[in-house]
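The values are calculated or read from the model by the stated rules, or taken from the named source; none is laboratory data. Nothing here was measured: the structure is a model prediction, and the numbers come from that model. Ideal geometry is used to build each Cβ from the backbone, glycine not excepted, and the neighbour counts take in all protein chains shown. The accessibility values were calculated without ligands, DNA or RNA, using every heavy atom of the protein model including side chains. Shrake-Rupley method; radii C 1.70, N 1.55, O 1.52, S 1.80 Å.
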Amino acid sequence: EADAEAEARLLLQEAQESIEAARSYRRELEQRLRGLQQAREQIRESATLTRDVLEQHFNDLKGTLKKLLDERLLSLLQEVDAIEQESIKPLDECQKLIEHGVSTADDLLRDGESAVNGDVGQQSEKLCSFTKKALHIQLDSLPEVPSLVDVPCLSAQLDDCLLTILKNQIFRHGTVASRPPVQLEEFVEKPGGILVRWCKVDDDFIPQDYRLQYRKGTASHFEDVYVGSETEFIVLHIDPNVDYQFRVCARGDGRQEWSPWSVPQFGRTTLVPHEWTTGLEGYSLSSRRNIALRNDSQSCGVLYSKAPTYFCGQTLTFRQVLSGQLIETVGQPDRRDSLGVCVEQQNSYDSLQRDKAVCISTNGAVFVNGKEMTNQLPAVTSGSTVTFDMEVVHLGPSSNEGGNFKLRVTISSNNREVVFDWVLDQCCVSLYFGCSFSYPGWKVLVF
């Protein structure tokens, strides 16, 4: 009886496992059906869009070609009118001269007939007057009429090869691509931004430049955000928890036209943007409060972030807004200058070279809890880039070093980096960032 119960329980367990496997199988099939539906919709939507683009393009071409042909026809007709008028003008003048001669000859004939047939008593006087008039008219002088070979004979010279050239060009104009040569590959959340990566999917395509566009939500127009040879770009000024749509295309080596766009994809960030705190007299901030400029004020101190928005596992980057540099303008360096992160704000210090902070000075020195490390990075100058990466490596009882919380810190600058463990006496996974400069002219973007 016990064996029967055990066998029944085993059968029940196997049945439940089979039921769960069937449910999982059904969910997977439904997911695949949704994938197929999405693929079908993508094909149909892209085909509809392609038809619209082709029809609009060729309608525009027909309108443009008709306009160009009409303009050319008008130009040729005006040329015919000009040649006709220029050539007819001397003929008209000659005609007027001949018609005047005919009229003069008619008058002379009437006078001559009247003199010959007139009264005998007055005949001699009329004949003498007629003879003088005839001599004055110069009856042997006739205007020259040009022969037909000497006057223009207009004709239209139309080269039929134009139709052949147009036909060949039209039949080669435009292509339909089923797969773009580049596709979006990855979206990485950044504070107030998204790192977008893309890749080439056509082995035969040799890219020269890439072009990345985005739009907020379902806005009507995409905007260019990057054009260049890199295959990734950090798009800043992104509102948290809002969908943005991205697409990318490429230009082949030596070509002017761009390839078809990749399949548009949505990306978003849940991370609020890094901001400098306001109100410190020695620094001027941008409208988004992510750029700080050390001004001419004599006041000094550490400019901290508005909140502890830097979390372990992220990359904290300082750089110039447009060219990817840390420093947009540089002032005179000082050994007390600092860029780094800290556990808490301490307004009594004028530098991050203190306890519970790690930082790099503008001369490249690295400080951990106020102590200068042996390893040194290149000096921070115009064109520099500095990043901070941290991860938790120890959390537990107090260690021999006096702390029970350890972070592994990587600071990179100008293609060089230092790695060290930062020991703290408290658990801390979100940190403030800050900077301090003794002299004006330094300008820093953080993200």
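Can you confirm whether segment 128-139 contains a residue that is in the same structural domain as Ser87 (by the TED database) and touching a Cys at 6+ places or on another chain (Cβ under 9 Å)?
No, segment 128-139 has no match at all.
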**OP:** Working only within segment 236-257, note down all residues that are buried (at least 20 other Cβ atoms within 10 Å of the Cβ) and closer than 30 Å to Tyr432 by Cβ.
**Re:** Ile238, Tyr244
Original post:
Can you spot a residue in segment 313-320 that is among the hydroxyl-bearing types (Ser, Thr, Tyr), open to solvent by less than 70 Å² (accessible area, probe 1.4 Å) and either modelled with pLDDT under 90 or not assigned by the TED database to the domain that holds Glu189 (or both)?
Top reply: yes
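Return yes when Ser384 is within 30 Å of Ser287 (Cβ to Cβ), in a loop (DSSP other than H, G, I, E, B) and among the polar types (S, T, N, Q) and no when it is not.
Numbers: within 30 Å of Ser287 (Cβ to Cβ): yes; in a loop (DSSP other than H, G, I, E, B): yes; among the polar types (S, T, N, Q): yes.
Yes.
Would you say Glu20 is under 30 Å from Trp261 (Cα atoms), of a type in the set (D, E, K, R) and surrounded by 10 or more Cβ atoms within 10 Å (Cβ to Cβ)?
No, not satisfied.
Which residues, taken from segment 33-56, are of a type outside the set (D, E, K, R) and within 24 Å of the chain's Cα centre (by Cα)? Show your work before the answer.
Quick first cut of segment 33-56, residues of a type outside the set (D, E, K, R) only: 33, 35-39, 42-43, 46-50, 53-54, 56.
Those that are of a type outside the set (D, E, K, R) and within 24 Å of the chain's Cα centre (by Cα): Ser46, Leu49, Thr50, Val53, Leu54, Gln56.
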Subject >> Which numbered condition Pro260 misses (of (1) touching a strand residue (DSSP E or B) at 6+ places or on another chain (Cβ under 6 Å); (2) more than 23 Å from Thr317 (Cα to Cα); (3) surrounded by 16 or more Cβ atoms within 10 Å (Cβ to Cβ)) >> reply: (1)
Original post:
What number of residues in segment 239-261 are within 18 Å of the chain's Cα centre (by Cα), closer than 17 Å to Leu195 by Cα and part of a loop (DSSP other than H, G, I, E, B)?
Top reply: 0
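Hey, could you check segment 178-197 for residues that are among the β-branched types (Val, Ile, Thr) and touching a residue at least 24 places away in the same chain (Cβ under 8 Å) and say which is nearest to Trp261 (Cα to Cα)? Before the answer, list the steps.
The initial filter retains those residues of segment 178-197 that are among the β-branched types (Val, Ile, Thr), namely 182, 188, 194, 196.
Adding the requirement that they be touching a residue at least 24 places away in the same chain (Cβ under 8 Å) leaves 182, 194, 196.
Working: Val182: 8, Ile194: 20, Val196: 15 Å.
Once the filter is applied, the top-ranked residue is Val182.
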**OP:** Would you mind finding the one in Lys96, Lys89, Lys133 that is assigned to a helix (DSSP H, G or I), within 60 Å of the chain's Cα centre (by Cα) and of a type in the set (Lys, Arg)?
**Re:** Lys89
Original post:
In the set Leu158, Leu142, Leu154, Leu109, which member is open to solvent by 60 Å² or more (accessible area, probe 1.4 Å) and in a helix (DSSP H, G or I)?
Top reply: Leu109
Original post:
Is it true that Leu158 is out of contact with any helix residue (DSSP H, G or I) (no Cβ under 7 Å at 6 or more places or on another chain) and among the hydrophobic types (A, V, I, L, M, F, W, C)?
Top reply: yes
Subject >> Number of positions in segment 169-201 that are out of contact with any Ser or Thr (no Cβ under 9 Å at 6 or more places or on another chain), open to solvent by less than 70 Å² (accessible area, probe 1.4 Å) and over 30 Å from Asp239 (Cβ atoms) >> reply: 1
